[in-house]
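Here's the structure we're looking at; comments come further down.
The values are calculated or read from the model by the stated rules, or taken from the named source; none is laboratory data. Keep in mind the model is a prediction, meaning the values are calculated, not measured. Every residue, glycine among them, receives a Cβ derived from its backbone with ideal geometry; neighbour counts consider all protein chains shown. Just so you know, the surface numbers come from the protein's heavy atoms only, side chains and all, with ligands and any DNA or RNA stripped out. Shrake-Rupley method; radii C 1.70, N 1.55, O 1.52, S 1.80 Å.
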Amino acid sequence: MFPQLVADAMLLTSEIVTNAVKHGGAPVRLVIDCDRSGIVVAVDDTNPSFPKTRRTDRRRHSGRGLVLVERLATDWGVRRTMDGKQVWFRLA
């Protein structure tokens, strides 16, 4: 179970960091908190627009990030920050 949790965390972290770099504003900040209950990953950027899930495009390999987060994360969300927004997920 633990190796799968780590693999899922790496995949989802890659997806939300990529989204922040592509669609958010600099600087991008990554915070990872790991304890016995699981892993929480949060990515901040300075774009205040909330991300939207959309249909994936297999030819361009786009649109899959939030779909994967929705399917694999125990919980996830988006919240406003003083400088933009934070996208986070939790894996238990």
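Ordering TRP76, VAL31, PRO3 by the projection of their Cα atoms onto the charge dipole of the chain, which places +1 on the Cβ of Lys and Arg and -1 on the Cβ of Asp and Glu, puts TRP76 at the extreme positive end. Electrostatic bookkeeping for SER37 treats Lys and Arg as +1 and Asp and Glu as -1; over the other residues with beta carbon under 13 Å from its beta carbon, the sum is -1. The Cβ shell under 12 Å around ARG71 holds other residues with a net charge of -2, Lys and Arg each +1, Asp and Glu each -1.
Under a model in which nothing but the beta-carbon of Lys, Arg (+1) and Asp, Glu (-1) is charged, the chain shows a dipole of about 500 debye around its Cα centre. For the chain, the spherically averaged projection of the C-alpha convex hull amounts to 5.9 nm². In this structure PHE50 has an accessible area near 80 Å², from a 1.4 Å probe over the protein heavy atoms.
Accessible surface computed residue by residue for region 1-47, with neighbouring protein chains in place and a 1.4 Å probe, gives 63 Å² per residue.
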